[in-house]
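**Student:** This is the structure I have questions about; it appears just below.
The values are calculated or read from the model by the stated rules, or taken from the named source; none is laboratory data. Computed from a predicted structure; not experimentally measured. Because the Cβ atoms are built from the backbone with ideal geometry, glycine has one as well, and the counts that use them run over all protein chains shown.
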Amino acid sequence: MKITFVEPSSIFEGFSFGWLNKLPLLGTLYLGTILKNRGHDVKIIKDDGKRIDPEQLDCDILCISSMTSTTRRGYAIADAFKQKYPERKVLIGGVHATFFPNEALSHADYVVVGEADPIIDTVVSRIKNKKLKSKLIKGKPCEDLDSLPFPDLSLIQNIKLPLPRTPISTSRGCPFNCSFCSVTKMFGRKYRFRTPENVVEEILSRKNKRIFFYDDNFAASRERTKKILKGMLEYNITVPWAAQARLDVAYDDELMNLFSKTNCNYLCVGIESINPKSLKEYNKHQDVGLIKKAIRKLHDYGIKIHGMFVFGADNDDKKIIDKTIEFCDEMNIDSPQFSILTPLPGSDLYHKLDAKGRIFTKNWDLYDLNHVVFRPKRMSAYDLQMKVVEAIKKNYWLTKRGFAFLFQNFKTCISIIKKGLKWWYDHRAYLRFLEKIDKRGTRNKNIVNNLN
Ligand code: SF4
């Protein structure tokens, strides 16, 4: 069968971090590769936000996998396809559909809830033979990640290979349970992982000179991470690599030595907050003193830090944002990322804020970590939005960091500047909307579904 996967894009321009934004998600690549290996004619389209002509999709089954912030774009693509080809099938999956399956079902013939890798082949066969009775299909966790094929990057039609970094996922799930995160609700707290041998085999099969480990927490099991890195050393693999991990990796000297020997050059770390009360509120199990020590240690090992911060906890006021900017300068964080606390569906935070009627919009386009969608406790929604926009500007607009960032991405610096201007323009419009929301006060808790 002809099967097309679409990875929808966000409507709003996020603050761009160069190569990080150019990489595709691996979920559709795994599913596409499984189906290709079963003899199906598969292609993947990474949506660039421009108009998608349903004829371009050219398939018997259209599969759309979206996150919350891209879900409405996914629905629009599904609706356009269905209008043109009512007899063909649309299947929607991904993290948002898992938490709102009935919503997704109003734009699709079938919805997969949870992980689809172990069932996708059966689902497609049943659709082909007209034997799939249920519209809601329960997925299941893939217990043996070594059984998955290496993602075939050539399935993506509209992306230039080689990618700036090869994306490799070595595990699923996370043993932690941060209150704002939906990873554990989607993939579970049981940490499932590929064997080090299987990971090294994939790295060897790639020609790329750089790697990005996609795992939500690459070192959730330090011993396993050490085995992967030792395996890389056995084969003299020392290409620059980056990963997402918790800062506590820095407390393990053996691990740090291996990071350094294998050429880890960038680590994306969820610092989240320098407010101890907010760290507690996030259930982050991090201490500000230890955060500082860990940052120094990573720098001592020559590892750059992409530090991710989240503002808007009930214990945050406006001052914490200024203090965080000072902290980033003091600690020389290489690329700080300032996000707005977002109640992602599935997370504990979503349930808490929703139950208290503090969420004022469920326009999912806005759930991209760049827009305030709930009423913060110690500042207005407008102030939170404004302070975060200012913090990003202070860090990147005509600053050493900003110029360094443009220099690293020299070839695309014009498009980065254009995106930055669009980002600023979008935020001005949203700030006007928030002013209205704040004026309505907490007495009117009606949810607003569209910007007005
Ligand atoms: S934020 Fe990171 S460490 Fe926390 S639960 Fe999510 S994946 Fe795990």
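**Student:** Tell me the residue from 191, 235 that is more than 10 Å from the ligand (Cβ to nearest atom), in the same structural domain as residue 249 (by TED's automatic domain parsing), out of contact with any His (no Cβ under 7 Å at 6 or more places or on another chain) and among the aromatic types (Phe, Trp, Tyr), please. Steps first, answer last, please.
**Tutor:** Numbers: 191 fails: more than 10 Å from the ligand (Cβ to nearest atom).
Unique residue meeting the criteria: 235.
**Student:** Follow-up question, since we're still on this one. Whether any residue in the range 36-51 is surrounded by fewer than 24 Cβ atoms within 10 Å (Cβ to Cβ), out of contact with any helix residue (DSSP H, G or I) (no Cβ under 8 Å at 6 or more places or on another chain) and within 22 Å of residue 114 (Cβ to Cβ) is what I want to check.
**Tutor:** The answer is yes, given that some residue of the range 36-51 is surrounded by fewer than 24 Cβ atoms within 10 Å (Cβ to Cβ), out of contact with any helix residue (DSSP H, G or I) (no Cβ under 8 Å at 6 or more places or on another chain) and within 22 Å of residue 114 (Cβ to Cβ).
**Student:** Within the set of pairs 6 or more residues apart or between chains, which connect a residue that is in the same structural domain as residue 424 (by TED's automatic domain parsing) inside the range 382-404 to a residue that is modelled with pLDDT of 75 or more and among the polar types (S, T, N, Q) with Cβ atoms less than 6 Å apart?
**Tutor:** What qualifies is 401/395.
**Student:** Within the range 319-335, can one find any residue that is in contact (Cβ under 8 Å) with a residue 24 or more places away in the chain, within 16 Å of the ligand (Cβ to nearest atom), under 23 Å from the mean Cα position of the chain (by Cα) and under 23 Å from residue 179 (Cβ atoms)?
**Tutor:** No, every residue in the range 319-335 fails to be in contact (Cβ under 8 Å) with a residue 24 or more places away in the chain, within 16 Å of the ligand (Cβ to nearest atom), under 23 Å from the mean Cα position of the chain (by Cα) and under 23 Å from residue 179 (Cβ atoms).
**Student:** Among the numbered conditions (1) polar (S, T, N, Q); (2) surrounded by fewer than 21 Cβ atoms within 10 Å (Cβ to Cβ); (3) not in a loop (DSSP other than H, G, I, E, B), tell me where residue 208 comes up short.
**Tutor:** (3)
**Student:** Suppose we filter the range 286-302 for residues that are outside any helix (DSSP H, G or I) and touching a Lys or Arg at 6+ places or on another chain (Cβ under 9 Å); how many remain? It would help to see each step written out before you state the result.
**Tutor:** Residues of the range 286-302 that are outside any helix (DSSP H, G or I), as a first pass: 286-287, 301-302.
In the following step, the residues that additionally are touching a Lys or Arg at 6+ places or on another chain (Cβ under 9 Å) were identified as 286.
So the count comes out to 1.
**Student:** I would also like to ask the following. Going by what's in this entry, would residue 121 be described as surrounded by fewer than 20 Cβ atoms within 10 Å (Cβ to Cβ) and touching a helix residue (DSSP H, G or I) at 6+ places or on another chain (Cβ under 7 Å)?
**Tutor:** Details: surrounded by fewer than 20 Cβ atoms within 10 Å (Cβ to Cβ): yes; touching a helix residue (DSSP H, G or I) at 6+ places or on another chain (Cβ under 7 Å): yes.
For residue 121, the condition - surrounded by fewer than 20 Cβ atoms within 10 Å (Cβ to Cβ) and touching a helix residue (DSSP H, G or I) at 6+ places or on another chain (Cβ under 7 Å) - is met.
**Student:** Condition first: among the charged types (D, E, K, R), within 16 Å of the ligand (Cβ to nearest atom), assigned to a helix (DSSP H, G or I) and surrounded by fewer than 22 Cβ atoms within 10 Å (Cβ to Cβ). Can you find one or more residues in the range 251-271 that meet it?
**Tutor:** Within the range 251-271, not a single residue is among the charged types (D, E, K, R), within 16 Å of the ligand (Cβ to nearest atom), assigned to a helix (DSSP H, G or I) and surrounded by fewer than 22 Cβ atoms within 10 Å (Cβ to Cβ).
**Student:** Now a separate question. Would you be able to say whether some residue in the range 165-174 is among the hydrophobic types (A, V, I, L, M, F, W, C), part of a loop (DSSP other than H, G, I, E, B) and over 18 Å from the mean Cα position of the chain (by Cα)? Let's see the steps before the verdict.
**Tutor:** Quick first cut of the range 165-174, residues among the hydrophobic types (A, V, I, L, M, F, W, C) only: 168, 174.
Within this subset, residues satisfying the condition of being part of a loop (DSSP other than H, G, I, E, B) are 174.
Going one step further and asking which of them are over 18 Å from the mean Cα position of the chain (by Cα), we end up with none.
No, because not a single residue in the range 165-174 is among the hydrophobic types (A, V, I, L, M, F, W, C), part of a loop (DSSP other than H, G, I, E, B) and over 18 Å from the mean Cα position of the chain (by Cα).
**Student:** Which of the residues that make up the range 274-285 are within 12 Å of the ligand (Cβ to nearest atom) and assigned to a loop (DSSP other than H, G, I, E, B)? Quick ask: steps written out before the conclusion?
**Tutor:** So the first thing to find is which residues in the range 274-285 are within 12 Å of the ligand (Cβ to nearest atom), and the list is 279, 282-285.
Selection gives 282, 283, 284, 285.
**Student:** It is to be established whether one or more residues within the range 180-187 are within 16 Å of the chain's Cα centre (by Cα) and more than 16 Å from the ligand (Cβ to nearest atom).
**Tutor:** Taking the range 180-187 as the starting set, the residues that turn out to be within 16 Å of the chain's Cα centre (by Cα) are 180-187.
Those still in the list that are more than 16 Å from the ligand (Cβ to nearest atom) too: none.
No, the range 180-187 contains no residue that is within 16 Å of the chain's Cα centre (by Cα) and more than 16 Å from the ligand (Cβ to nearest atom).
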